[in-house]
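Step one of this worksheet: look at the structure below.
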Amino acid sequence: MNKDLFQNRYNVVRIIIVVFAAVFVLRLAYLQLFEKKYDKIAFDNAIKEVEVYPTRGLVYDRKGELIVYNEAIYDIMVTPRLAKTADSPKICSLLKLTMEDYSTRMAKARQYSAHKASVFMKQVSLEDYQRFEESQYLFPGFDGQVRTIRKYPHNCAAVILGDVGEVDDNQIKNSNGYYKPGDYVGQSGLERYYEKELGGTQGKKFIYVDVHNREQGRFNDGKYDTAAIAGDNLYSTIDIKLQEYGEQLMANKKGSIIAIEPETGEILCMVSSPGYDPNLLCGAIRGENFKKLVFDSLKPLFNRATMATYSPGSTFKPLVGLISLDEGVQGEIYTVPCNGFYPFAGLSLKCSHHHPWATNIEYALAQSCNPYFWQTFRNAIENPKYTRIQDSYGQWADYCRSFGLGSRLGIDLPSEARGNIPSINYYNKIYGEKGWHSATIISLGIGQGEILVTPLQLANFYAAVGNHGWYIKPHLVKTFQKVHDKNEVKPDLKKIYASIDTRWYVPVNDGLRQVVEAGTAIESRIEGISLCGKTGTVQNSHGDHHSVFAGFAPKDNPKIAIAVVVENAGFGATFACPIASLMVERFINDTIADNRKAKEKKMMETNLLDKYALGKNMPVTNGHH
Amino acid sequence: MRKEEKFTGNIDWITVLIYVVLVLIGWAAIYSAVYTEGLSPFNTVGRDTTVNTGKQFQWIIASAIFAAIILIIDGKFFVTFSYVIYGAFIPLLIGVMFFGAESHGQRNWIRIGGFQMQPSELVKFTTSLALAKYLSTLNVDIRRWRDKWIAFAIIGIPMLIVIVQGDAGSAIVFVVFALVLFREGLESYYLIIGGSVIFLSLLALIVPHLWYLWIAFAIVAALLIYFNFKNRRLVYAIAGIALIASVYVTGVNFIFDHLKPHQKDRINVLLGKEVEKGKDWNIRQSIIAIGSGGLTGKGYLQGTQTKLKFVPEQSTDFIYSSIGEEFGFAGSVLIIGLFIALLMRLMYLAERQRSKYSRVYGYCVVSILFFHFLINIGMAIGVAPVIGIPLPFISYGGSSLLAFTLLLFVFIRLDSQRLEVLR
């Protein structure tokens, strides 16, 4: 019908088609057979290694009361590409955001990735999250991710328990790849010191994730996964009731209380005042509150019980006595005349008050007679047994060090001050080898001068005195409840002996008993409890004297050793001593006698914060001088 | 000529078989593309892509019925009413721009009940009818200018309307009718010029500075002139071509600079140039999917790129990447092989027609299928621009499956009746 002139073009069209098909086949061969990188890209796309976070160990007090637990909170995640149709005004009202807030958060998420989920809002409370979840069908692209934060039901003991926060760059670097940004670890206190035990061990799982970074099932049925191992539960030595009580007594005062069970070295309470509610450093509010606490002029983050150092003042006198007794330079019966002053090398040395002459160590302690202890100290330093002061002072300082003074005791907290027992070199350097003698360092005799102790060291010293010469390293952890096998952390319960003969504690402890029974601390005697101790009124360059008391009770087989420092509060007998006596009474009797309720009320209600107002007194971090 | 006893007797079962295989592969691939744990392949409940397999199944049944109906209708019906069908479609096509339903950002859909369809899918078919009719008219010779213009108009009018509708992807398909015209006698230089234009356009976009090209053209032209110095006419021609080429690449560059950003990005992605992160996402993920398939693939329903939704439009435009990932080189080449087999078979059938109408129509079918094949697979493997057109018989989509079925089976019907035509 039609003459076909162009049948040969059939082949041209065929060739065109075949050429294109061949190009495709070559391209496919390149992509699928020769280029290997796509396997890996597809694998990396689809399979994600995810950390499985263990639950943190719980913390109990010495009586088994729960003092730290975990609470679930939620991070709200968003995948911007899917969230275009989300009901944004509703989200804003549920999460209490402004629309601008919403846009900035969304922009930030988009900057990370439009296709992948990232945090839209951190740490939303359970109630907020539940309301959000009810309407979640209106919010495509939004999703919740559960996390846990710490809760401290007693709102106290912040400096002991510490806090948990995001790892910093250093921690990540030092963790050998274990931590990654956004992980949480203990940042202070027990949370930090026992991170290994409390933190547990992260697990890993390999999951398929879709393009929106949402889990789509296990890779290889979890064959390569490892389970997370929960953290151990920690049983602390703290008596949380005593701790709470101590914090009440110290309210609106600057200072610290530390109590130790002498028999075991277990720390019963550790109050650093002003403190803060540990819950302030949990969850979303942490950053803001942390900043506030750091810049607070009263330094609530500073653990005054272990980090602040003070001259021990008169609380040091028992040690001065013990050394001289042990050195044999004076006996129990020894008289130092006191007419209110001490004539020595032209120095103006005065006693704090008038009292009859002390004829023995007991009475000297009870009256806290300064001349008596200057003389006692001189006797030790001018001991004819030694030819050089370097030898006699060296011996004296070693006695001090044998009680753990001048070095860290090794408590199980991340940081501790070492205090100071001045070295021979220190004086040699200042005065020259021949330039110093007993008069140069005479103030050491009453616990002033260069000597510095932490309240912890002071309490520990009194525990040793109560024990007649030994102590066990003070510690905060009794035991861990093993959830899994790991190197067991056992407190070091070895008795450490001081180098003073046991018999010398008899007269000294009698004296300490007299302090409360008939001496400077008579106001604080407790019916039925043989409280022993020593008041201290510590001179310092930061304003009024610090009020200090340290002691133990009962006299035989003491159950509690305690040190109390109230900064710039005046005489030891006015604040530190009553507070200590209330703590002891509360601990031993579990209640406060009616006739002492008024004292309790007064201690709790006294507000000394005015004294610390800026300009009047500098913030005190240690009581040097 | 004796009429056949059974109308099935002359049906080309080879073509039908390849069609059935492609449709079934498509259905299986769609199931894999939208697969989630426990998904029934017949599910049609839901608002996301999980209904695609179930719906496609319904479309396949509908297409089968539709194909059967076409095979019953006398092929002369289409021959007779070619212009009527073509003519009736033009106002419909214009009408949907104003009265149509909107979907995927384009107002070019007709919605009847739950069924919606793009007339632009069908317009390829109607244009094929009209073109076949015109070219088979006695004394029409495509080499004549008048006939050329009429043929161009038949193709150009619907193409223009589709462009106006904003569906540039579907409009580009009409370019492929040049292949039909070529088969029917269009001068070769149309193809040569067309090919050169594409080549120069690519050069203009790839070469970073225009003056590189200008210098290159000048050098080539100078060399050619040097060797053909004696032939004055050739010298003028060479100089002229070089000049035109220079002006052309300058023009392409100018137009490119004034394109919308997303259009620029598409072109840049295609050319392998660096674009802003995320803009080339689709192509990159598709290439990763195919590339990670290896020789034999990850296995059916095992493709991670596919299952985890890294490739967008997985069941429609990028269905080929799902096959490439799960069946590897073997599966990918099989699909190409099936298409080549289909195209070759159809060309063979076209060539054996006694009626010029049937032959032209057959070439229209071949050209349209070839172009879709070329662009869709080329896009998935990163050698063709991102133009969202489906892979015939395989991609998810009712209107496209029905339209391609119609296109193909009308030809099968015409072929089955080829002996009825008197020489």
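The values are calculated or read from the model by the stated rules, or taken from the named source; none is laboratory data. Predicted model, so just to flag it, every value in this text is computed and none were measured. All Cβ positions, even for glycine, are placed from backbone atoms using ideal geometry, and neighbour counts span all protein chains on display. Note: accessible area is taken over every heavy atom of the protein model, side chains too, but ligands, DNA and RNA are not part of it. Shrake-Rupley method; radii C 1.70, N 1.55, O 1.52, S 1.80 Å.
The distance linking the stretch A:364-397 with the stretch A:23-45 is 88 Å (Cα centroid to Cα centroid, whole angstrom).
Note on surface exposure: A:307, A:250 rank A:307, A:250 by accessible area, highest first, 1.4 Å probe.
Ordered by 1.4 Å accessible area with all protein chains kept, B:351, A:247, A:166, A:523 run largest first as A:523, A:166, A:247, B:351.
In the stretch A:494-602, inverting the average of 1/r over every pair of distinct C-alpha atoms gives 14.4 Å as the Kirkwood radius. Extension gain, residue A:407-residue A:15: 0.36 nm per intervening residue step, less the Cα-Cα distance, totals 131.8 nm. With everything on Cα atoms, drop me the angle between helix A:576-589 and the longest principal axis of chain A, reported from 0 to 90° to the nearest 10. Relative to chain A, helix A:576-589 is tipped by roughly 70 degrees.
When only Cα pairs below 8 angstrom with a gap of at least 6 residues are kept, chain A shows a relative contact order of 14 percent. Close amide H contacts of residue A:341 (hydrogens built in the peptide plane, cut-off under 5 Å, sequence separation of 5 or more or a different chain): A:351. Once you reduce the stretch A:501-577 and the stretch B:172-219 to the center of their Cα atoms, the two points are 103 Å from each other. The residues of the stretch A:42-183 present an accessible area of 51 Å² per residue when probed at 1.4 Å with all protein chains retained. Straight-line cross-link reach from residue A:555 at under 17 Å between alpha-carbon atoms covers these lysines, not counting any fewer than eight positions away in the same chain: A:534. Note on residue A:359 and residue A:557: with the Förster distance fixed at 22 Å, the Cβ-Cβ geometry gives a FRET efficiency of about 0.15. Taking all Cα pairs closer than 8 Å and separated by 6 or more residues, the relative contact order of chain B comes to 25 percent. A cut-off of 5 Å between modelled amide H atoms, ignoring neighbours fewer than 5 places along the same chain, links residue A:123 with A:74, A:75, A:76. Could you tell me which trypsin sites (Lys or Arg not before Pro) in the stretch A:54-93 are loop residues by DSSP with no more than 11 other beta carbons within 10 angstrom of their beta carbon? Here the sparse-neighbourhood loop sites are A:63. Provide the buried accessible surface between chains B and A in square angstrom, both chains summed, 1.4 Å probe, rounded to the nearest 100. Protein heavy atoms only, the B-A interface buries about 4000 Å².
A Förster radius of 56 Å combined with the Cβ-Cβ distance from residue B:237 to residue B:69 puts the calculated FRET efficiency at roughly 0.50.
P(r) tail for chain A, what percent of Cα pairs lie past 48 Å? In whole percent, the long-distance tail amounts to 33.
Cβ under 13 Å from residue A:513's Cβ, residue A:513 left aside: what net charge do those residues give with Lys, Arg +1 and Asp, Glu -1?
Summing Lys/Arg as +1 and Asp/Glu as -1 gives -1.
If a/c stays under 1.5 just call it rounded; otherwise compare a/b with b/c (prolate if a/b is bigger, oblate if not). Do that for the stretch B:187-258, with a ≥ b ≥ c from the square roots of the Cα gyration tensor eigenvalues. Oblate shape, in that a/c is at least 1.5 and b/c is the bigger or equal ratio. Starting from the Cα of residue A:434, draw a straight line to each of the lysines and keep only those under 20 Å, dropping any in the same chain fewer than 8 residues away. Here the lysines satisfying the reach criterion relative to residue A:434 are A:385.
Could you look at the stretch B:187-258 and say what percent of its accessible area is carbon and sulfur, using a 1.4 Å probe and all protein chains? Using a 1.4 Å probe with all protein chains present, the stretch B:187-258 comes out at 79 percent carbon and sulfur.
Summing +1 for each Lys or Arg and -1 for each Asp or Glu among the other residues whose beta-carbon sits under 12 angstrom from that of residue A:153 gives -3. Using θ = phi - 60° in the Karplus curve 6.51 cos²θ - 1.76 cosθ + 1.60, the 3J(HN,Hα) couplings for the stretch B:172-187 round to 4, 4, 4, 4, 5, 4, 4, 5, 5, 4, 4, 4, 8, x, 4, 4 Hz; x is entered for Gly and Pro. Only alpha carbons enter this Debye calculation for the protein assembly as shown, each as an equal point scatterer, and the log10 of I(q)/I(0) it gives at q = 0.06, 0.08 Å⁻¹ is -0.67, -0.87. Here the Karplus relation 6.51 cos²θ - 1.76 cosθ + 1.60, evaluated at θ = phi - 60°, turns the backbone of the stretch A:248-259 into coupling constants of 5, 5, 8, 4, 6, 10, 9, x, 7, 10, 9, 10 Hz, with x for every Gly and Pro. Subtracting the Cα-Cα distance of residue B:39 and residue B:210 from 0.36 nm times their residue separation leaves 56.1 nm of extension gain. Here the extension length gained between residue A:523 and residue A:26 equals 168.8 nm, from 0.36 nm per residue of separation less the Cα-Cα distance. Across the stretch A:60-104, the residues whose backbone nitrogen lies under 14 Å from the label position 7 Å along the beta-carbon direction of residue A:126 are A:69-74. Calculated FRET efficiency, residue A:294 to residue A:418, Cβ-Cβ distance, R0 = 35 Å: about 0.90 to the nearest 0.05. Near residue A:183, the amide H atoms lying under 5 Å from its own belong to A:167; only residues 5 or more places off or on other chains count, and H is placed 1.01 Å from N. Sorted into 20 angstrom bins from 0, the C-alpha pair distances of chain B split as 23, 54, 22, 2 percent. The label point for residue B:47 and the one for residue B:163, both projected 7 Å from the Cα toward the Cβ, are 3.9 nm apart. With both labels modelled 7 Å from their Cα along Cα-to-Cβ, the residue A:390 to residue A:503 distance reads 3.4 nm. Inter-label distance, residue A:112 to residue A:430: 5.7 nm, where each label sits 7 Å from its Cα along the C-beta direction.
Rolling a 1.4 angstrom probe over the protein heavy atoms with all chains in place gives the stretch B:187-258 an accessible area of 73 Å² per residue. Here residue A:48 is the anchor, and the lysines within straight C-alpha reach of less than 16 Å, apart from those fewer than 8 places off in the same chain, are A:40, A:116, A:180, A:204, A:205, A:223, B:307, B:309.
Relative contact order of the stretch B:187-258: what whole-number percent is it, with Cα pairs under 8 angstrom and at least 6 residues apart?
41 percent
Here the 3J(HN,Hα) profile of the stretch A:285-302, calculated from phi with Karplus coefficients 6.51, -1.76 and 1.60 at θ = phi - 60°, is 7, 4, x, 5, 5, 4, 4, 4, 5, 5, 8, 5, 5, 8, 6, x, 6, 7 Hz, Gly and Pro shown as x.
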